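S.K.: My questions will all concern the structure given below.
The values are calculated or read from the model by the stated rules, or taken from the named source; none is laboratory data. In this text the structure is predicted, and so the values were computed from the model without any measurement. Cβ placement follows ideal geometry from the backbone for every residue including glycine, while neighbour counts extend to all protein chains displayed. Heavy atoms of the whole protein, side chains included, go into the accessibility calculation; ligands, DNA and RNA do not. Shrake-Rupley method; radii C 1.70, N 1.55, O 1.52, S 1.80 Å.
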Amino acid sequence: MSRRAGMQRIMEEQHLHPDKVKYYLERRDPEFEQKMRAVLMVYQEVQVQNQASGETPAVVTVSIDEKPGVQAIGNPGVPGPPVPGQHPAVGRDYEYKRHGTLSILASLDLHDGHVVARVEDRHRSREFIALLKDVDAHYPSHVIIR
């Protein structure tokens, strides 16, 4: 019996139907609408600024995000090449090797899409400050970053 057939049998025996789960969004923040409008206004300002000038603006808007605790995993084996008639995609072993967790910090220039990113072993303020310094170093000194 294949793994897929075994999983399907177990799910049917336990009356599990993940395909029938319905999702919804509950807005718990009473200021959600106001905050949403503020964010959308930033994107609209960037669009207007981009349409007005084709060169690097004097003020650039950068969006910054961080993703701490990302599981770093690796494949222990060599991926198998696609084989016509058998499997159309690259085959990978289902096993993996854990390499710990990492933090991903990134900034996105909303004007031209340029990304400045860092992958760090730790998630502290000094790693965030290092990202800010990288972003600052990317732009000429006369450009204001907001």
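S.K.: Taking all protein chains together and a probe of 1.4 Å, list R146, R37 from the most accessible to the least accessible. Walk me through the numbers before you get to the answer.
M.R.: Working: R146 120, R37 145 Å².
From most accessible down to least: R37, R146.
S.K.: Ignoring ligands, DNA and RNA, what percent of the 1.4 Å accessible area of segment 1-105 is carbon and sulfur? The partial results should precede the final answer.
M.R.: Numbers: 5160 of 9350 Å².
On segment 1-105, the fraction of accessible area on carbon and sulfur atoms equals 55 percent.
S.K.: Of the peptides 66-76, 14-24, how do they stack up when ordered by the mean number of other Cβ atoms within 10 Å, highest first?
M.R.: Details: 66-76: 11.5, 14-24: 6.4.
Ranked by mean Cβ neighbours within 10 Å, highest first: 66-76, 14-24.
S.K.: Figure the gain on full extension for Q44 and Q8 (residue separation times 0.36 nm, minus the Cα-Cα span) and round it to one decimal in nm. The partial results should precede the final answer.
M.R.: Numbers: separation 36, 0.36 × 36 = 12.96 nm, distance 4.76 nm.
Contour length minus the Cα-Cα distance gives 8.2 nm.
S.K.: Related question: Using a 1.4 Å probe, how large is the accessible area of T101, given in Å² and rounded to the nearest 10?
M.R.: 80 Å²
S.K.: I need to check one value: relative contact order of segment 84-134, counting alpha carbon pairs closer than 8 Å and at least 6 residues apart, in percent. Mind showing how you got there, number by number?
M.R.: On the way: 37 pairs, mean separation 14.4, N = 51.
Value for segment 84-134: 28 percent.
S.K.: Okay, helix-only estimate at 222 nm for the chain: each DSSP H run of n ≥ 4 adds -39500 (n - 2.57), divide by all residues, round to 500 deg cm²/dmol; what do you get? All intermediate terms of the calculation are to be shown ahead of the outcome.
M.R.: On the way: 3 runs with 46 residues, N = 146.
Value at 222 nm, helices only, nearest 500: -10500 deg cm²/dmol.
S.K.: Also, quick follow-up: When only Cα pairs under 8 Å and 6 or more residues apart are kept, what is the percent relative contact order across the chain? All intermediate terms of the calculation are to be shown ahead of the outcome.
M.R.: Working: 149 pairs, mean separation 32.1, N = 146.
Dividing the mean separation by the residue count of the chain yields 22 percent.
S.K.: Longer than 26 Å from Cα to Cα, which of K22/K97; K35/K67; K67/K97 are they? Say none if no pair is.
M.R.: Details: K22/K97 34 Å; K35/K67 22 Å; K67/K97 21 Å.
Exceeds cut-off: K22/K97.
S.K.: Provide the per residue accessible area, probe 1.4 Å, for the chain, rounded to a whole number of square angstrom.
M.R.: Working: 12150 Å² over 146 residues.
Ligands and nucleic acids excluded, the figure is 83 Å² per residue.
S.K.: Quote the FRET efficiency, to the nearest 0.05, computed for K97 versus A52 with a Förster distance R0 of 35 Å and r equal to the Cβ-Cβ distance. All intermediate terms of the calculation are to be shown ahead of the outcome.
M.R.: Values: r = 51 Å, r/R0 = 1.46.
The calculated FRET efficiency here is 0.10.
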